[in-house]
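Trainee: Let me begin by handing over the structure; questions about it come next.
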Amino acid sequence: MDHHILQKAQCFQENLGKIAKPVPLVRMGPCLPGATEKSEINVINVTNKGQLHSFDLPKTVCLEFSPKNTVLATWQPYTTSKDDTAGIPNLQLYDVKTGTCLKSFIQKKMQNWCPSWSEDETLCARNVNNEVHFFENNNFNTFASKLHLKKINDFVLSPGPQPYKVAVYVPGSKGAPSFVRLYQYPNFDGPHAALANKSFFKADKVTMLWNKKATAVLVIASTEVDKTGASYYGEQTLHYIATNGESAVVQLPKNGPIYDVVWNSSSTEFCAVYGFMPAKATIFNLKCDPVFDFGTGPRNAAYYSPHGHILVLAGFGNLRGQMEVWDVKNYKLISKPVASDSTYFAWCPDGEHILTATCAPRLRVNNGYKIWHYTGSVLHKYDVPSNAELWQVSWQPFLDGIFPEKAITYQAVPSDVPSEEPKVATAYRPPALRNKPVTNSKLHEEEPPQNMKPQPGNEKPLSKTALKNQRKHEAKKAAKQEARSDKGPDMAPTPAPQSAPRNTISQSTSGDPEIDKKIKNLKKKLKAIEQLKEQAATGKQLEKNQLEKIQKEKALLQELEDLELGI
């Protein structure tokens, strides 16, 4: 691979200008034959395509800009020289404006190699041998403060402005539990310095997620091996820690892995996707109580819109790319688009548009990207030529508040891009069963969202007309029963037929061809409705006219009962 071209594509210095609406920035890295190991890093100003700086850094594999694009961090694999056993500094920090090297460090591990900055770049921190060193205003000659904890493994700075907070993780050893502690910078000393502490067992590694207001952290604790043998991927638990000292274990109603956990931008709720497939998705409040249950489905990711009023539940990776777009203020389903083979998903800063992409090296075929409206319409589509690869796609970033929140619409917006019907993959059937009727057996029984479950005792009260008709039918049934009993005990009792579905074909006739014809047509319609309901249960999206047919089922049953009572 031509590292020169790839790194040049990855090292864009994003000089943001004011434009009418966000446009995705596409970065491509073609593979060219005959490339050498020699490589350099070029920083390009994307507004005028001018080269700002060029750094001769062979074998550099990691690059990162600071939040305000003032510092470029680079990392090379750690090596030792023959005459210097201490090793060569492999983490470099460059001033993007001047091109000078601000500082060089030794960073042996690739994991967590990059220093962490606060959003305003006033504070920078990195983990060094049981300590977290803090630097202020990008002055890396000496650290301003340090946090010392034995065997500290990871830390995460809080988002937002001062006062800055930090969450640190120390793994357990020799029977002692692992723990996560929250601190406020620079108050690290003393027995009561920690804002909160949460200890737990079963943790080989953790993922720590601050909410936007920096008032709480979610901790996904993972083990490499599930000792119960239930999962090949180990075992996960979810914990909640608040800066006011409160902590809790989030009780997840379904067993299995935790695929994704995301905070709402309001910082008052979070969504978890968890459990063996089909996975469950639930929104929890700050008391870790479930607020809304989305049921189960083929999903492994969740994405809140920038304004927090829309949530996308998606199944990517080894799933087929089904998405569910939800209005989380009213808990209503907006759309169910399908983005097959997607390896990347991102909300536009305007909170209305969605970007999905298929990128290398995750997938090297059918590379391209699509821009969607959240109502399910594809507004733009780009397919990469077969001789090229798409490596990265991203929206141009904007500050919070630039785009106001708009009212949610449920009607699909018009699009000039031709709609593509997703190919529905049918289940494999062995040759011996291919000429036999298809049974509607399911491997997994999917659970609907909580507001679509039938609630006992919540049936609609009958109208006056319906009530009157119901009384009529009851009177007719009673009269029929009375007439049968008047025939006397010497009459042989007719064996009671076994219960059958109401829409099965009966052999009884009225003697009137017109009535028999009507009964036959009604049963035919009810059978078609039954088939539509079965298709909907398997996850197939029904057309509007098909949904209207299902809604007429009650009226058709009532009409059928009226006719049969007259027989």
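The values are calculated or read from the model by the stated rules, or taken from the named source; none is laboratory data. Since the model is a prediction, treat every value here as computed from it, not as a measurement. Glycine also receives a Cβ, built like all others from the backbone with ideal geometry; neighbour counts cover every protein chain displayed.
Trainee: How many residues, within the stretch 378-401, are loosely packed, with under 14 Cβ neighbours inside 10 Å and more than 11 Å from ALA357 (Cα to Cα)?
Mentor: 8
For (1) surrounded by fewer than 17 Cβ atoms within 10 Å (Cβ to Cβ); (2) within 26 Å of PHE398 (Cβ to Cβ); (3) of a type in the set (Asp, Glu); (4) at pLDDT 80 or above, each residue gets a yes or a no:
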{"site": "LYS21", "(1), (2), (3), (4)": "yes, yes, no, no"}
{"site": "GLY29", "(1), (2), (3), (4)": "no, yes, no, no"}
{"site": "GLY50", "(1), (2), (3), (4)": "yes, yes, no, yes"}
{"site": "VAL61", "(1), (2), (3), (4)": "yes, no, no, yes"}
{"site": "LEU72", "(1), (2), (3), (4)": "no, yes, no, yes"}
{"site": "PRO77", "(1), (2), (3), (4)": "yes, no, no, yes"}
{"site": "THR80", "(1), (2), (3), (4)": "yes, no, no, no"}
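Trainee: Just the residues that are touching a Ser or Thr at 6+ places or on another chain (Cβ under 9 Å) and not aliphatic (A, V, I, L, M), please, taken from the stretch 256-267.
Mentor: GLY256, PRO257, SER265, SER267
Trainee: What number of residues within the stretch 511-555 are in a helix (DSSP H, G or I) and either touching a Gly at 6+ places or on another chain (Cβ under 7 Å) or farther than 30 Å from SER335 by Cα (or both)?
Mentor: The qualifying residues number 12.
Trainee: THR296 - would you say it is touching an Asp or Glu at 6+ places or on another chain (Cβ under 7 Å), within 30 Å of LEU363 (Cβ to Cβ) and polar (S, T, N, Q)?
Mentor: Taking the combined requirement at face value, the residue satisfies it.
Trainee: Residue pairs, Cβ under 8 Å, 6 or more apart or interchain, first in the stretch 49-64 and within 16 Å of THR79 (Cβ to Cβ) and in contact (Cβ under 8 Å) with a residue 40 or more places away in the chain, second surrounded by 15 or more Cβ atoms within 10 Å (Cβ to Cβ) and β-branched (Val, Ile, Thr). List them.
Mentor: If the second residue must be surrounded by 15 or more Cβ atoms within 10 Å (Cβ to Cβ) and β-branched (Val, Ile, Thr), the pairs left are THR60/ILE41; THR60/THR74; CYS62/THR74.
Trainee: Would you point out the residue of the stretch 88-127, among those that are out of contact with any Phe, Trp or Tyr (no Cβ under 6 Å at 6 or more places or on another chain) and small (Gly, Ala, Ser), that is nearest to PHE398 (Cα to Cα)?
Mentor: SER116
Trainee: Would you please name the residue that is farthest from LEU157 (Cα to Cα), looking only at residues in the stretch 179-193 that are in a strand (DSSP E or B) and in contact with a strand residue (DSSP E or B) (Cβ under 6 Å, 6 or more places away or on another chain)?
Mentor: If we take residues in the stretch 179-193 being in a strand (DSSP E or B) and in contact with a strand residue (DSSP E or B) (Cβ under 6 Å, 6 or more places away or on another chain), then PHE179 is farthest from LEU157 (Cα to Cα).
Trainee: Against the definition (surrounded by 18 or more Cβ atoms within 10 Å (Cβ to Cβ), touching a residue at least 24 places away in the same chain (Cβ under 8 Å) and under 15 Å from ALA272 (Cα atoms)), how does ALA360 come out, yes or no?
Mentor: no
Trainee: Looking at GLN558, GLN541, GLN551, can you tell me which residue is among the polar types (S, T, N, Q), closer than 28 Å to GLY376 by Cα, out of contact with any Pro (no Cβ under 7 Å at 6 or more places or on another chain) and at pLDDT 80 or above?
Mentor: GLN551
Trainee: Any idea which residue in the stretch 521-554 is surrounded by the most Cβ atoms within 10 Å (Cβ to Cβ), counting only those that are without any contact (Cβ under 8 Å) to a residue 12 or more places away in the chain and among the charged types (D, E, K, R)?
Mentor: LYS524
Trainee: Do we find that PRO404 is farther than 22 Å from ASN330 by Cα and in a loop (DSSP other than H, G, I, E, B) in this structure?
Mentor: no
Trainee: For the stretch 131-159, name all the residues that are among the aliphatic types (A, V, I, L, M) and under 36 Å from the mean Cα position of the chain (by Cα).
Mentor: Those that are among the aliphatic types (A, V, I, L, M) and under 36 Å from the mean Cα position of the chain (by Cα): VAL132, LEU147, LEU149, ILE152, VAL156, LEU157.
Trainee: Can I ask one more? For the stretch 89-107, state whether one or more residues are of a type in the set (Lys, Arg), closer than 30 Å to GLN51 by Cα and assigned to a loop (DSSP other than H, G, I, E, B).
Mentor: The answer is yes, given that some residue of the stretch 89-107 is of a type in the set (Lys, Arg), closer than 30 Å to GLN51 by Cα and assigned to a loop (DSSP other than H, G, I, E, B).
Trainee: Need a quick list: strands (runs of 3 or more DSSP E) entirely within the stretch 311-354 having at least 1 residues that are farther than 10 Å from TYR374 by Cα, free of Cβ contacts under 8 Å to residues at least 12 places away in the same chain and among the β-branched types (Val, Ile, Thr).
Mentor: So the answer is none; nothing clears 1.
Trainee: I've got another one for you. Is at least one residue of the stretch 379-402 closer than 30 Å to PHE294 by Cα and of a type in the set (Asp, Glu)?
Mentor: yes
Trainee: Please tell me if PHE398 is out of contact with any Leu (no Cβ under 7 Å at 6 or more places or on another chain), modelled with pLDDT of 90 or more and at negative phi.
Mentor: no
Trainee: Give me the pairs: first residue in the stretch 141-158 and in a loop (DSSP other than H, G, I, E, B), second residue buried (at least 19 other Cβ atoms within 10 Å of the Cβ) and of a type in the set (Gly, Ala, Ser), beta-carbon distance under 6 Å, and six or more apart or on different chains, which are they?
Mentor: Partner pairs satisfying both residue conditions: SER158/ALA214.
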